[in-house]
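Contents: one structure, followed by commentary.
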Amino acid sequence: MAENQNEGKEGKALHVNKGIDQPESVSPDALKKFRSARRSAYSIDDYVEGIRKSNRTVFSKAITLVESTLPQHQEVAQQVIEKCLPYSGNSVRVGITGVPGVGKSTFIESLGMYLIKNGHKVAVLAIDPSSERSRGSILGDKTRMEDLAVNENAFIRPSASAGSLGGVARKTKEAIILCEAAGYDVIFVETVGVGQSETAVHSMVDFFLLLMLAGAGDELQGIKRGIMEMADAIVINKADGDNLQKAKNAKREYENALHLFPPAESGWKPLVDTCSALHDSGVDRVWGIIQKYVDLTRSNGYFKKNRREQAIRIMFDAINHKLKDHFYHHPEIRKNLEKLKQDILEDKISSYVAAQKLLEGYLNKFNEL
């Protein structure tokens with residue numbers, strides 16, 4: 001009877017013996033080392049030394065610090081920039097703009113590869129348009145400049161504009177300093193397209209190049225006069241095949257138009273040329289134009305004068321940005337801002353009066369100190 005009872009109990013369910021303990025999917029020691037490595041940031045001198053040695057990992061991290069909006073990152077970034085300043089300034093800074101579809105990325109890759117073959121180191125700071133929702137970069141120049149992106153003597157940094165004026169990344173000026181300290185002697189700053197960004201880019205480069213297309217309608221009506229006046233050279237791209245004659249005709253039109261503009265302070269007369277970046281044709285002539293400009297402006301003193309004036313403008317820009325950041329991060333402003341926004345939505349107060357209240361409150365806090 002007892003045996004039958006035992007047999008019934010044993011047959012009711014499966015009995016599974018406890019197995020050995022399974023190891024964790026990630027080694028605790030490896031995890032500890034990883035977390036420790038993340039906490040241990042580079043020192044200021046580590047950053048500067050890495051930049052000077054063109055260490056891509058350190059250099060990229062330094063650029064990321066510059067672009068960061070976190071106060072602790074900005075503090076480190078400014079110290080790194082300060083120590084890199086003595087090693088900067090030894091480059092030709094070229095701003096490149098043009099209508100969408102003109103082939104800016106193809107042109108930069110073609111000219112960049114030509115320069116590298118002739119012993120230069122090229123950095124490309126490409127300002128990407130940003131998503132209005134995520135503030136993230138929409139385009140990716142590394143995917144459009146395949147040969148240049150993998151070349152050890154080139155550095156490409158697509159930066160999301162993140163809503164700053166004209167689509168220009170606020171930190172591009174600081175990035176230029178780091179690129180020069182890393183030994184890049186030609187720096188291209190590519191803008192999104194024709195718009196307000198050109199004014200900002202013009203204020204940070206030595207030479208401003210405008211790329212145009214031929215046969216896309218009335219060329220002279222398709223671009224603002226102000227951008228034409230800023231251009232040191234106009235290059236008609238895609239001058240190949242059936243488009244070659246149209247490009248030559250467009251060149252004559254632009255040359256005639258440029259004669260109507262007043263002479264530039266630099267003493268340089270803007271030139272017009274054609275090229276086919278896709279077929280690597282004519283990019284050598286474009287570089288020749290840039291070299292002539294640099295030689296002229298260095299000999300007459302304008303090159304250095306322009307750099308100094310740009311440095312002063314950068315100081316004022318930095319002051320404006322710092323004041324703006326400090327204003328919006330002030331705890332009193334952040335508290336009152338939400339209430340006033342609601343009052344505006346409920347038509348209890350006008351936008352102008354709300355702004356005045358916020359500014360008065362902000363300035364009164366300083367008067368109390």
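The values are calculated or read from the model by the stated rules, or taken from the named source; none is laboratory data. Remember, predicted model here, so these are calculated numbers, not experimental data. Reconstructed Cβ throughout: ideal geometry from the backbone, glycine too, with neighbour counts over all protein chains shown.
Brief remarks follow.
- Listed conditions (1) of a type outside the set (D, E, K, R); (2) at pLDDT 90 or above; (3) assigned to a loop (DSSP other than H, G, I, E, B); (4) within 30 Å of A239 (Cβ to Cβ) are all met by V102, apart from (2).
- Flag if A41 is surrounded by fewer than 15 Cβ atoms within 10 Å (Cβ to Cβ) and at pLDDT below 85: yes
- Of all residues making up the stretch 226-268, the number that are among the charged types (D, E, K, R), closer than 21 Å to E309 by Cβ and modelled with pLDDT of 90 or more: 2
- Filter result for H326 (without any contact (Cβ under 8 Å) to a residue 40 or more places away in the chain and within 27 Å of H120 (Cα to Cα)): no
- Residues that are closer than 23 Å to R307 by Cβ, within 12 Å of the chain's Cα centre (by Cα) and modelled with pLDDT of 55 or more, drawn from the stretch 156-178: R157, S159, A169, R170, K171, T172, K173, E174, A175, I176
- Any chance F316 is aromatic (F, W, Y), at pLDDT 90 or above, more than 29 Å from L213 (Cα to Cα) and under 25 Å from the mean Cα position of the chain (by Cα): no
- Top-ranked residue of the stretch 51-99 - restricted to ones that are touching a strand residue (DSSP E or B) at 6+ places or on another chain (Cβ under 9 Å) and in a helix (DSSP H, G or I), ranked as nearest to E198 (Cα to Cα): E67
- Only one entry of I116, I96, I81 meets the criterion of being closer than 16 Å to V186 by Cβ, of a type in the set (A, V, I, L, M, F, W, C) and in contact with an Asp or Glu (Cβ under 6 Å, 6 or more places away or on another chain), and that entry is I96.
Here is a yes/no grid of residues against (1) assigned by TED's automatic domain parsing to the domain that holds V205; (2) within 20 Å of K173 (Cα to Cα); (3) of a type in the set (S, T, Y); (4) surrounded by 14 or more Cβ atoms within 10 Å (Cβ to Cβ):
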residue: E49; (1), (2), (3), (4): no, no, no, yes
residue: N55; (1), (2), (3), (4): no, no, no, yes
residue: V58; (1), (2), (3), (4): no, yes, no, yes
residue: K61; (1), (2), (3), (4): no, yes, no, yes
residue: L65; (1), (2), (3), (4): no, yes, no, yes
residue: T69; (1), (2), (3), (4): no, yes, yes, no
residue: A77; (1), (2), (3), (4): no, yes, no, yes
residue: G98; (1), (2), (3), (4): yes, no, no, yes
residue: I108; (1), (2), (3), (4): yes, yes, no, yes
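- The set of residues in the stretch 229-253 being within 23 Å of H202 (Cβ to Cβ), out of contact with any Pro (no Cβ under 9 Å at 6 or more places or on another chain) and surrounded by 22 or more Cβ atoms within 10 Å (Cβ to Cβ) consists of V235, I236, N237, A250.
- Qualifying residue in the stretch 298-319 (condition: more than 30 Å from P270 (Cα to Cα) and assigned to a helix (DSSP H, G or I)): yes
- Of all the criteria given as (1) aliphatic (A, V, I, L, M); (2) in contact with a helix residue (DSSP H, G or I) (Cβ under 6 Å, 6 or more places away or on another chain); (3) in a helix (DSSP H, G or I), the one not satisfied by L323 is (2).
- Qualifying residues in the stretch 119-136 (those that are buried (at least 21 other Cβ atoms within 10 Å of the Cβ) and of a type in the set (G, A, S)) - the one modelled with the lowest pLDDT: S130
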